[in-house]
Each structure stands twice: as structure tokens, then as C-alpha cells.
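Below is the structure I would like to discuss, written out as C-alpha cells.
The values are calculated or read from the model by the stated rules, or taken from the named source; none is laboratory data. Just so we're clear, the structure is a prediction, and the values are computed from it rather than from any experiment. So basically every Cβ, Gly included, is an ideal-geometry build from the backbone, and we count neighbours across all protein chains shown.
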Amino acid sequence: MDIRYKTYYNQHMSKSLEDTSKFLSYVLRHEPQAIGLTLDSEGWADIAALIEGARQAGTILNRDLIQQVMDTSDKKRFTISEDGLRIRAAQGHSAKTVAITYPEKIPTEFLYHGTAARFLESILKEGLRPGKRHHVHLTQDEQTAVAVGQRYGKPVVLKIEALRMHQQGFKFFLAENGVWLTDWVPPEFLNADLDK
């Protein structure tokens, strides 16, 4: 394969997989009705219905492309059911019909949340709230938090005293892809690392 074509092909495929991942996130987390899709309370959608709804909306989607997105994603945003017939987003839902039952877990001593510096004043005053999502998303990995914060501007990493929160009655859940979830993080459990 010609090196220029290979470079073009790899960039195009990467863009195609990224676009497909964004499309799947949109319909499986937020707006399934945009393509006539129905999610059950655990967030599952029929893959055949997803492919057909995407086609009617003008988006080309097939099982191979869905599998490529899953295989190449380091974030593991999606899960396919054991029978291979259904798919769901691992977390991050705002769709009101979805109420996934995540396993409750005892967190590590500290978890992290990445955000942008422009949101810091509000967060330190009100704590971390889920916004339109169902939960606040946290990670055990500080570098992941930095990467998330960079998506929104100058990154700030918030260090959450998760174990202390848990000991005071706050519940934590662990999504299939390793993202920690909680309903709210009050300001007294937050420390901001401004040196990122």
C-alpha cells in the first residue's frame, strides 16, 4: 500500500471511528428518540434497531463498525450483551428512561475528577454535581482526570476524599468500564490541584 494512501486511510478510518463513537454516545446516552430507538431501564438497545434507526437518519452503521469502535476505544464506553443482540453505553446517561443498576462498591481512599479552571470557583462553592447526567464521574487515575479536564480548557484535577465520603454514608458505584459514579460530591471532600 502506498505510504500516502495508508496515511490517508488511517486518518480517515480514525475519523470515521471517532464519528461513529460520538454518534453512538449521542443516541445511547442522551437522545435515542432522535433515531426512533428505545432504551430499556438498564440502557440496553437492540443492535438491529440501532442500525436501522441510524440508516433512516442517514448514518451508515453495521455490526463490524460497532465492533471496531469497541475494539479501538481505550475508554470502553459501550458494552454488548452476552447474546450479542443488545448494546448500551457504560455510563454517562441523561436519558430519563434509563436507570442502570450499578454495583455499589467501597471506593479507594482518593478518586479524581478532571475539569476546567473556569468551573473551579463554582465547584468549590457547590461541590460536584452531575448536571444533565445521572451521576458525577470519577476516576482512580489522576492522568485520566487531567485528560478529561483538558477537553474543557485549562485543566484542574480535583482530588476527592472518596473513602471518607463513603464512611459518612455516600454511595459509590463502579461502571463496567472502571468509571466511578456518585450522586454528588460536597465541597468539603474536594481538593484542587492547580499545578496541571
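Just for strands (runs of 3 or more DSSP E) wholly inside the stretch 117-194: which have at least 2 residues that are within 15 Å of the chain's Cα centre (by Cα) and within 23 Å of Ser73 (Cα to Cα)?
136-138, 180-182
Within the stretch 123-141, track down each residue that is surrounded by fewer than 18 Cβ atoms within 10 Å (Cβ to Cβ) and under 14 Å from Leu190 (Cα atoms).
Listed by number, the residues that qualify are Leu124, Lys125, Glu126, Gly127, Arg129.
Being basic (Lys, Arg) and at pLDDT 95 or above narrows it down to one of Lys171, Lys76, Lys132, so name that one.
Selected residue: Lys171, the only one of Lys171, Lys76, Lys132 that is basic (Lys, Arg) and at pLDDT 95 or above.
Next up: Return the residues of the stretch 86-114 that are out of contact with any Lys or Arg (no Cβ under 7 Å at 6 or more places or on another chain), surrounded by fewer than 19 Cβ atoms within 10 Å (Cβ to Cβ) and at pLDDT 95 or above; say none if nothing qualifies.
Matches in the stretch 86-114: Lys105, Ile106, Thr108, Glu109.
Quick check, is Gly53 surrounded by 13 or more Cβ atoms within 10 Å (Cβ to Cβ), of a type outside the set (Lys, Arg) and in contact with a helix residue (DSSP H, G or I) (Cβ under 9 Å, 6 or more places away or on another chain)?
Against the criterion (surrounded by 13 or more Cβ atoms within 10 Å (Cβ to Cβ), of a type outside the set (Lys, Arg) and in contact with a helix residue (DSSP H, G or I) (Cβ under 9 Å, 6 or more places away or on another chain)), Gly53 qualifies.
Got a sec? Which of Asp71, Asp83 is modelled with pLDDT of 85 or more and in a helix (DSSP H, G or I)?
So the residue among Asp71, Asp83 that is modelled with pLDDT of 85 or more and in a helix (DSSP H, G or I) is Asp71.
Taking the options Arg29, Arg77, name whichever one is touching a His at 6+ places or on another chain (Cβ under 7 Å) and closer than 20 Å to Phe173 by Cβ.
Criteria check complete, one pass: Arg29.
Got a number for residues in the stretch 87-104 being under 11 Å from Glu42 (Cα atoms) and not in a loop (DSSP other than H, G, I, E, B)?
Within the stretch 87-104, residues that are under 11 Å from Glu42 (Cα atoms) and not in a loop (DSSP other than H, G, I, E, B) number 3.
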